[in-house]
Amino acid sequence: MIKKSLILISVVMTTLLCLTCCGGTDDIVLEEQQPKPEERKDDKKDEVGRDSALIINSAQASQIQKCTEGKGFNIVLMADGYTQSDIDNGTYNAAIQKAYTALFSMEPMKSLKQYCDVYKVVVPSVHQGIDYTKHNTALAARFESKESSGIYGDSVMAQNITAKALGLFSMKNITPQIVQETFNKTLTVVLLNSTLYGGVTLLAMDENAKDKIPAGFSLAYIPANPSSTSYKGSDLFERLLQHEAVGHGIGKLADEYFYTSKAKSEDISKFKDGQKLGCYMNTHYDTAPKNQDASPYASYDNNKIMLYKHPIENDWDFYPFVTDLRYAAEKLAWYQGGFTFPYDFYRPTIYSLMNSSVDPNCGSFNAPSRLMIYKRIMRTAKGTSFTCDLNKGEDFEAFALFDAPSRASYASPAKGVKTADEFVNIYNRKQLHAPVIFKPNFK
């Protein structure tokens, strides 16, 4: 049985998404450097005793939701650091159920639920719990450090298990195109058996993405029971999941907070390249805004914030929102600071869920972010015939009609955090790690 599994793994992995900064069970590197993969040992087990074939063979998948409209967007839920005892006593399943509920608890996902196929994978770990050390757990997940919010994990293992859950192992006449198309419409969420705070999402860009609608596989790592000495809100897990899995993973959104460091040329290139493929569309880059307001500072929380108040038509993909009174409560404009940088990058609202997932005062997804999540799911459901060009009146009205529940539940955010430095001062924690970009190589 193990030999057969190894053969299946080999066949599927020749066509799977190979991420150049990770090899086998090597750690995910959270920064942009991509080291050469370490040489693998000939024996079946790694340095902590993990046996890849046995782990994949033990993973049991089932579909817990089938889409009722269109072609389904795949969401695969699995967990790491849970032993067989945790599975037997229901702890593992409770974590999966909590994530499933949280995924569709907030707009726009609440109104997109019928377009999603959701799968549950049960995979036991030898070691119980996730901390800062690499243990013998199914997905080798661990937190980067006490000073960081980053998380490492075995992304190749996660992909193998995802492939098994989606039926690729048992598919006859599998081709690279089938694998690519399947992973392009898939989000995998790995829940960590931990109370530590953190989260990171790995993004694979689809070079064939069109119409500024994002595609490509996403893998989100999130603690199942996060806690914070400074934050006791019951919805912390929900907000982390929405920020990482939905915001970054589905919408391919950028973070809207910013540190003090200035963007380098490679950061700007990364941003521009991403936007060509429909990523980071909730933020904007402009070294000299063409139509800056005569009084370029707005006062919020007793701070002066650079305000690019009136975007020029056709100079901003979301311009129709600015002139539509239905969206007036969101005070949409371009506010200086975003994509983790304080200058030349702009965000559409002062506060949002992509600004701070921890602080409930920062509100939920803003309209441009909701639109990108909507476009990603609907492109999967309806195919390439779906474009949603807001400059076409019928497309804008179609989204506005869909978005009515979001507008009804939207409340202008109260005082919150907008910079990463403020977040550190208030919560004694770094902001969540920016998404890590992978370069896919389909063979």
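Residue-by-condition table, conditions (1) within 20 Å of VAL190 (Cβ to Cβ); (2) at pLDDT below 90:
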| residue | (1), (2) |
| --- | --- |
| LYS212 | no, yes |
| LEU219 | yes, no |
| ASN225 | yes, no |
| GLU238 | yes, no |
| GLU256 | no, no |
| THR260 | no, yes |
| ILE268 | no, no |
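Among the residues of the range 207-222, which ones are open to solvent by 20 Å² or more (accessible area, probe 1.4 Å) and farther than 10 Å from CYS279 by Cβ?
GLU207, ASN208, LYS210, ASP211
Restrict the check to the range 333-351 and report whether at least one residue is among the polar types (S, T, N, Q), open to solvent by 20 Å² or more (accessible area, probe 1.4 Å) and in contact (Cβ under 8 Å) with a residue 40 or more places away in the chain. Spell out how you get there, then give the answer.
First, pick out the residues of the range 333-351 that are among the polar types (S, T, N, Q): 336, 340, 349.
Among the residues that remain, those that are also open to solvent by 20 Å² or more (accessible area, probe 1.4 Å) are: 336, 340.
Subsequent filtering for residues that are in contact (Cβ under 8 Å) with a residue 40 or more places away in the chain retains 340.
Yes, the range 333-351 contains a residue that is among the polar types (S, T, N, Q), open to solvent by 20 Å² or more (accessible area, probe 1.4 Å) and in contact (Cβ under 8 Å) with a residue 40 or more places away in the chain.
Name the single residue, out of those in the range 235-285 being in a loop (DSSP other than H, G, I, E, B), among the acidic types (Asp, Glu) and in contact with a strand residue (DSSP E or B) (Cβ under 7 Å, 6 or more places away or on another chain), that is farthest from ALA220 (Cα to Cα). Let's see the steps before the verdict.
Just the residues of the range 235-285 that are in a loop (DSSP other than H, G, I, E, B), to begin with: 235, 251-257, 259-264, 277-283.
Going one step further and asking which of them are among the acidic types (Asp, Glu), we end up with 235, 255-256.
Within this subset, residues satisfying the condition of being in contact with a strand residue (DSSP E or B) (Cβ under 7 Å, 6 or more places away or on another chain) are 255-256.
Details: ASP255: 15, GLU256: 18 Å.
Across the range 235-285, the extreme among qualifying residues is GLU256.
Looking only at the range 185-196, which residues are farther than 24 Å from LYS276 by Cβ and buried (at least 22 other Cβ atoms within 10 Å of the Cβ)?
Correct list: THR188, VAL189, VAL190, LEU191, LEU192, ASN193, SER194.
Is it true that some residue in the range 223-234 is of a type in the set (Lys, Arg) and in a helix (DSSP H, G or I)? Talk me through it step by step, then tell me what you get.
Pass one, the range 223-234, residues of a type in the set (Lys, Arg): 232.
Within this subset, residues satisfying the condition of being in a helix (DSSP H, G or I) are none.
No, there is no match, as no residue in the range 223-234 is of a type in the set (Lys, Arg) and in a helix (DSSP H, G or I).
What's the total number of residues in the range 352-369 that are open to solvent by 10 Å² or more (accessible area, probe 1.4 Å) and either at pLDDT 90 or above or closer than 11 Å to THR283 by Cα (or both)?
1
Tell me which of these GLU147 doesn't satisfy, since it passes every other one: (1) under 28 Å from LEU54 (Cβ atoms); (2) open to solvent by 40 Å² or more (accessible area, probe 1.4 Å); (3) not in a helix (DSSP H, G or I).
Of (1) under 28 Å from LEU54 (Cβ atoms); (2) open to solvent by 40 Å² or more (accessible area, probe 1.4 Å); (3) not in a helix (DSSP H, G or I), only one is false for GLU147: (1).
Could you tell me whether the range 361-375 includes any residue that is touching a residue at least 60 places away in the same chain (Cβ under 8 Å), farther than 30 Å from THR68 by Cβ and β-branched (Val, Ile, Thr)?
No, the range 361-375 contains no residue that is touching a residue at least 60 places away in the same chain (Cβ under 8 Å), farther than 30 Å from THR68 by Cβ and β-branched (Val, Ile, Thr).
Name the helices (runs of 4 or more DSSP H) wholly inside the range 370-443 in which the number of residues that are at pLDDT below 85, buried (at least 17 other Cβ atoms within 10 Å of the Cβ) and among the aromatic types (Phe, Trp, Tyr) is 2 or more. Break it down into steps so the answer makes sense when it comes.
Working: elements: 393-402, 404-409, 420-427.
Filter on the range 370-443 gives 420-427.
State which residue is surrounded by the fewest Cβ atoms within 10 Å (Cβ to Cβ) when the search covers only the range 114-144 and only residues that are of a type in the set (Val, Ile, Thr) and more than 20 Å from THR188 (Cα to Cα).
Quick first cut of the range 114-144, residues of a type in the set (Val, Ile, Thr) only: 118, 121-123, 126, 130, 133, 137.
Imposing the further condition that a residue be more than 20 Å from THR188 (Cα to Cα) reduces the set to 126, 133.
Details: VAL126: 16, THR133: 10.
In this case the residue turns out to be THR133.
From the list ALA102, ALA94, which residue is modelled with pLDDT of 95 or more, among the small types (Gly, Ala, Ser) and more than 19 Å from the chain's Cα centre (by Cα)? Give the derivation first.
On the way: ALA102 fails: more than 19 Å from the chain's Cα centre (by Cα).
Among ALA102, ALA94, only ALA94 is modelled with pLDDT of 95 or more, among the small types (Gly, Ala, Ser) and more than 19 Å from the chain's Cα centre (by Cα).
The values are calculated or read from the model by the stated rules, or taken from the named source; none is laboratory data. Owing to the predicted nature of the structure, the values given are computational and were not obtained by experimental measurement. All Cβ positions, glycine included, derive from the backbone under ideal geometry; neighbour counts span all protein chains shown. Note: areas computed on protein heavy atoms with side chains; ligands, DNA, RNA excluded. Shrake-Rupley method; radii C 1.70, N 1.55, O 1.52, S 1.80 Å.
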